[in-house]
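Inspection log for the structure reproduced underneath, given as structure tokens.
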Amino acid sequence: MAGIDENIVREYFEINGFLVRQFYKYQVQSRKKRAEEEIDLVVYNPNCADSEAGDVGFILSSEDISKIRQAVVSVKGWHTSTFSAAILNSSYEIFNFLQKTALKRVESMFSQGGRVFKILAIPSLPKSRSERQKSINLLKSRGVDGVLTYPHMLRNIADSIEVNNNYVKSDLLQTIRILKNYNMLRLPQMELFDR
């Protein structure tokens, strides 16, 4: 069901002003995938100058991505997994989108040049501060520039949906609108104590 995962990431980037291109719309069954087939989305922010990409955090927020002009995105919708260092070390395919042949092809798409960010869309990182830092260090060492988590993306999408608008061209946005209309989505609440 990679389609819904990619739709969430696509809608998130589009809501935040990016132009989004899906690299391949098919899934390879019988042969080994080429490197560029590992890239799920290529995103471009026409409202950003290259000079703005200075202080972007690793765990990306909407504010952070507004400073990114262009990026490749790999979508990993393993929603029952936390991306711990152990999982990252044992699942080499997570990093296939970072292969040089794939990145060269994407860089050639952007005629103005500049840095192409490498973003991984994942369900979550470990809750423990030390385990989280291990995962971040491992991702950085492999060449990932930033991660987006599904809870952040879904919260951002839900916050931007207006109940009075009709989103007939997007099943995801329309579903979220309907859920909001019937008060089936709770607003985030302030937590007084960290767990």
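With a point put 7 Å past each Cα toward its Cβ, work out how far E63 is from R186 in nm, to one decimal.
Label at E63, label at R186, 2.6 nm between them.
Counting Lys +1, Arg +1, Asp -1, Glu -1, what net charge surrounds Y44 among other residues with beta carbon under 9 Å of its beta carbon?
Working: positive: R21, R69; negative: none.
Value of the local net charge: +2.
Can you give me the distance in nm between label points at R142 and Q112, each placed 7 Å from the Cα along the Cα-to-Cβ direction?
3.1 nm
Can you tell me the alpha carbon radius of gyration of the range 2-181 divided by the globular rule-of-thumb value 2.2 N^0.38 Å?
Details: Rg = 16.3 Å, N = 180, 2.2 N^0.38 = 15.8 Å.
Against the compact-globule rule of thumb, the ratio is 1.03.
So if I place +1 on the C-beta of Lys and Arg and -1 on the C-beta of Asp and Glu, and nothing else carries charge, what would the dipole magnitude of the range 2-181 be about its Cα centre? I want it in debye, nearest 20. Can you show the working numbers first?
On the way: 25 positive and 20 negative charges, 118 e Å.
Roughly 560 debye, rounded to the nearest 20.
Sticking to Cα atoms, compute the Rg of the range 90-195 to one decimal and its Dmax as the biggest Cα-Cα distance, whole number, in Å.
Rg and Dmax of the range 90-195, Cα atoms, are 18.5, 49 Å.
GluC sites (Glu not before Pro) within the range 101-195: which are DSSP loop residues with at most 13 other Cβ atoms inside 10 Å? Display every interim value, and only then the final one.
Values: sites: E107, E131, E162, E191; in loops: E162, E191.
When the GluC sites (Glu not before Pro) of the range 101-195 are filtered for loop state and at most 13 Cβ neighbours within 10 Å, E162, E191 remain.
Under a point spin-label approximation (7 Å from Cα along Cα-to-Cβ), what is the S91-N47 distance to one decimal in nm?
Reported label-point gap for S91 and N47 is 3.2 nm.
What length, rounded to one decimal in nm, is gained on full extension from K104 through to Q133, with 0.36 nm per residue of separation minus their alpha-carbon distance? Please report the intermediate quantities before stating the final value.
Numbers: separation 29, 0.36 × 29 = 10.44 nm, distance 2.95 nm.
Computed gain between K104 and Q133 is 7.5 nm.
Quote to one decimal, in nm, the extra length available between I178 and T80 on full extension: 0.36 nm per residue of separation minus the C-alpha distance between them.
Stretched fully, the I178-T80 segment lengthens by 32.7 nm.
Step by step: find N for the range 42-144, compute 2.2 N^0.38 Å, then divide the Cα radius of gyration by it. What's the final number?
Working: Rg = 14.3 Å, N = 103, 2.2 N^0.38 = 12.8 Å.
Output field value: 1.12.
Which net charge results for the neighbourhood of I157, defined as the other residues with beta-carbon distances under 10 angstrom from its beta-carbon, given Lys and Arg at +1 and Asp and Glu at -1? Let's see the in-between values first.
Numbers: positive: R155; negative: E11, E14, D159.
After counting each charged neighbour, the total is -2.
Each reported figure results from applying straightforward, stated rules to the coordinates on display, with no laboratory input. This one's a predicted model, so the numbers in the text were calculated from it and none came from an experiment. Here the Cβ is made from the backbone with ideal geometry for all residues, glycine too, and neighbour counts use every protein chain on show.
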